[in-house]
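Inspection log for the structure reproduced underneath, given as structure tokens.
The values are calculated or read from the model by the stated rules, or taken from the named source; none is laboratory data. Please read these numbers as outputs of a predicted model, since none were measured by experiment. Glycine also receives a Cβ, built like all others from the backbone with ideal geometry; neighbour counts cover every protein chain displayed. Side chains are part of the model used for accessible areas, which takes the heavy atoms of the whole protein and leaves out ligands, DNA and RNA. Shrake-Rupley method; radii C 1.70, N 1.55, O 1.52, S 1.80 Å.
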Amino acid sequence: MAGDAAGCRAVTAYRDPIDIYLLRVLHTLLVEGSVTRTAVRLNQSQPAISAALKRLRDIIGDPLLVRGKSGMVPTERGAALLEPTMIALHEISRIAMQQTRFDPASSQRRFRVGSPDYLNILFVPTLVERFRRAAPNAALELHPLSPDSHFETALEEGQFDLVIGNWPDPPARLHRRDLFTDDVVCLVARTHPLAGRPVTEADYLAAAHVAPTPYSAMQRGPIDTHLSRARLKRNVAVMVPYFSLAPALLAKSDLVFTTTRRFATHHAHTMPLAVLESPIDFPPMQYYILWHARSHLSAEIQWLVDLIAGAM
């Protein structure tokens, strides 16, 4: 009996060193860099946050935040804990949250998707057909990505729900679902001097090219990224703001357009254009959907991700 009582006391006395409250305080402190702002955000008193910070320092064995020129800054250990605490809090919320089942048929939500315009003609008709059938009371907005688009900020602030892209190095902080890969070819007028014969690297670099304006200020396009890494430079004679303009320009000029096989094949079937194999060994283009952690647990967003993947 005495042994059982001691065991019960041991179990009763045991507590996890870091509870959910301390995790939330730690994450908010690392984000805000201020005891005062953390107290306001968590609706706590400053002494309570200061006491929690002291407990965290004792448990972790690190100051976590130290004084800087313009406030508190995280130590190396503190900075390294930002992502793990964010993930832990998301997973805890996922366990605790009783998510209601999403019914697209009754949803009145407005969904906003950022997408490069060259994909629109290939999948938007199918996407809209399926969206309208499944969610007749909801709305879908497709927004073009422009050079001054900061898509990561737009996702973080809720201006976009999803972004479709093919950048070689997408931000690792965003969630991602791969869609498909496509190889790179050249598209020219059927009367172009390069049509109907093998194109050499010298031919490609000497030709006059039409290229789209980069649709992200933060990311170079995959074509120029590869050429730069290979220390090659093409002659871009014309730049256009929309991919959809390029095929019309090709039909009446000596320009070359480097694009994906799906896009090139589609327009070669409807216009007097020819698809040429690229002499440059471009890596296949990987297309994917990106979304922010703020909406990762949303049943509505995951439904839209599945709908887009199916339409692709």
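Express in nm, to one decimal, how much length is gained between residue 181 and residue 235 on full extension, taking 0.36 nm for each residue of separation and deducting their alpha carbon distance.
Going from the current span to full extension adds 16.8 nm.
Using C-alpha pairs under 8 Å with a sequence gap of at least 6, the mean separation divided by the residue count of the chain gives a relative contact order of 20 percent.
Sorting 213, 225 on solvent-accessible area from highest to lowest, probe radius 1.4 Å, gives 213, 225. Helix 2-13 versus the longest principal axis of the chain: what angle, 0 to 90°, nearest 10, using Cα atoms? Computed tilt is about 50 degrees. Computed over the range 221-276, the convex hull of the alpha-carbon atoms projects to a mean area of 4.2 nm². Put simply, the convex hull of the Cα atoms in the chain casts, on average, a shadow of 24.2 nm².
The HN-Hα couplings worked out from phi for the range 32-37 by the Karplus form 6.51 cos²θ - 1.76 cosθ + 1.60 (θ = phi - 60°) are 7, x, 7, 5, 4, 5 Hz, whole numbers, x standing for Gly and Pro. The heavy atoms of residue 312 offer some 50 square angstrom of accessible surface to a 1.4 angstrom probe.
Applying 1/(1 + (r/R0)^6) with R0 = 45 Å to the Cβ-Cβ distance of residue 197 and residue 73 gives a FRET efficiency near 0.15.
Residue-wise HN-Hα couplings along the range 41-52, as the Karplus relation 6.51 cos²θ - 1.76 cosθ + 1.60 with θ = phi - 60° gives them from phi, are 5, 9, 6, 10, 7, 4, x, 5, 5, 4, 5, 5 Hz; Gly and Pro carry x.
Counting every Cα pair in the range 90-213, what percent are over 21 Å apart?
Of all Cα-Cα pairs in the range 90-213, 61 percent lie more than 21 Å apart.
More than 20 angstrom separation, counting every C-alpha pair in the range 132-291; what % is that?
55 percent
Under the criterion of Cα pairs below 8 Å and six or more residues apart, the relative contact order for the range 127-261 equals 34 percent.
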